[in-house]
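This structure is in structure tokens; I'll ask about it shortly.
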Amino acid sequence: MVKIITTALLCISLTLSTASSSFAVNIATIGLDPSLIATYLAEDESGNAEVINAVNYFINDYITPNMTDFEKEIQIIKYLVENVTYDMDELTNESHFINDSYKAYGALVNHRAVCSGYAKAFDLMAKMCGLSTTVVTGEAINSASQNGPHAWNQIYLDGEWYNVDVTFEDPITNIKLGFNQLLNNYINRTDAEFATNHIRENGHTCTATKYGKDVVAYYLNTGIVDFNANVDNIRKMYEQQIGIYSMAGNETELKAVVDKLLILGAKYDNNSNFIASGNDLEVTTYILTHLVAGENVVTVVTGPNTQNKLSIDTGNWLKEYVKIPGKVSMQRIFSSDGKFDTRILIFKLG
């Protein structure tokens, strides 16, 4: 009886209308395994309509008929990252795989979920947008090298499968992330890339790279799908913005762009701003070369544990090394992720 009522609730046709076109999605025909439907929705069947309405609102606000499958996917991920909080409380109780936080209902209605809820919400939203996706299960390895049960997704784009982990894109401790700022470490990645901290038990083989990290990063920052995307260009764009906001005295925007650069990773893919040895003379020469070339923002990346060990970290570096006519001031921003030390130097003349 429960399954009959649930199925009836699912057979609702949702129509999105725009000025130029409309399309409809029938929940009963989007590809969900009927035996799993109850695991997506609420324990209380009266809440099922809330799930349907939540996805319908998302489609109405964020999806347009001319979007590609890739663009729809990114909108779904960004929406979940902004609107769902990881349910830490669920980690300590005994209701595993029963509580709403393990279902799409938890993510889309309660806005709290664990990995299963994130994955099922992504799957439901994607299927309602006409995408081919699946939920896969296995184990994940955390930063303490501990294994635990985990669920994520795979998506089919242009004839090939990719791994997507929205839970890992929305880390519990990173308060800087939001709708326009994703980690982009777990979107459209291969099995080999996921193998560092994911152990998959089912699903499809994922070896495609067409919609990989560089394409995602470029799209997130420009709104353009470019299969020849060069993420170093995005880094340089951020550096230009940092200079503009610094000169304007706009500290709020300056901090926001610095955060984006550091999350993306400040080390150029071509290693041109990376001095692995942290050699003091090499660092100084690199900075001066770019400053003489007219750049007012210089980002230099070294290996870890170099803070306060280089000349650039001293208060008299500017006076001793910069011989450009006129008054020059410098703002220094330092960051370390344990793997790389980053210095963002902002020079102001006059």
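No lab work stands behind these numbers, since they all come straight from the coordinates. This one's a predicted model, so the numbers in the text were calculated from it and none came from an experiment. All Cβ positions, even for glycine, are placed from backbone atoms using ideal geometry, and neighbour counts span all protein chains on display.
Sort the following peptides by mean Cβ neighbour count (other Cβ atoms within 10 Å, averaged over residues), highest first: 130-137, 100-107.
Values: 130-137: 18.8, 100-107: 26.2.
With the highest mean Cβ count within 10 Å placed first, the list reads 100-107, 130-137.
Can you give the FRET efficiency to the nearest 0.05 for ALA192 and LEU281, using r as the Cβ-Cβ distance and R₀ = 56 Å? Display every interim value, and only then the final one.
Values: r = 38 Å, r/R0 = 0.69.
E(calc), rounded to 0.05, equals 0.90.
While we're here: Find out how many positive minus negative residues lie around TYR211, taking Lys and Arg as positive, Asp and Glu as negative, among other residues whose Cβ is under 14 Å from that of TYR211. Mind showing how you got there, number by number?
Values: positive: LYS72, ARG189, LYS210, LYS213; negative: ASP69, GLU71, GLU73, ASP158, GLU160, GLU193, ASP214, ASP226.
Taking every Cβ under 14 Å from that of TYR211, the sum is -4.
Using a/c under 1.5 as the rounded threshold, could you call the stretch 292-350 rounded, prolate or oblate? The axes a ≥ b ≥ c are square roots of the C-alpha gyration tensor eigenvalues, and prolate needs a/b larger than b/c, oblate otherwise.
Details: a/c = 2.69, a/b = 1.85, b/c = 1.45.
Cα axes put the stretch 292-350 in the prolate bin.
I'd like to compare 183-190, 238-245: which one has the highest average count of other Cβ atoms within 10 Å, and what's the full order after that?
Working: 183-190: 21.5, 238-245: 19.0.
Packing proxy ranking, top to bottom: 183-190, 238-245.
P(r) for the stretch 232-349, please, calculated from all Cα pair distances in 5 Å bins and given in %.
In whole percents, the pair-distance histogram is 2, 11, 24, 25, 22, 13, 3, 0.
How much net charge surrounds THR133 when only the other residues with a Cβ under 12 Å from the Cβ of THR133 are counted, with Lys and Arg +1 and Asp and Glu -1? Could the numbers behind the result be given before it?
Details: positive: LYS72, LYS120, LYS127; negative: ASP69, GLU73, ASP123.
Summing Lys and Arg as +1 and Asp and Glu as -1 gives 0.
Take the alpha-carbon centre of the stretch 108-124, take the same for the stretch 225-259, and report the distance between them in whole Å.
Cα centres, the stretch 108-124 to the stretch 225-259: 32 Å.
Subtract the Cα-Cα distance of THR207 and LYS327 from 0.36 nm times their separation in residues, and report this length gain in nm to one decimal.
Full-extension gain reported as 37.8 nm.
Tell me, what is the FRET efficiency for GLU50 and ASN305 to the nearest 0.05, using R0 = 35 angstrom and their Cβ-Cβ distance as r? Can you show the working numbers first?
Details: r = 51 Å, r/R0 = 1.46.
Once rounded, the FRET efficiency stands at 0.10.
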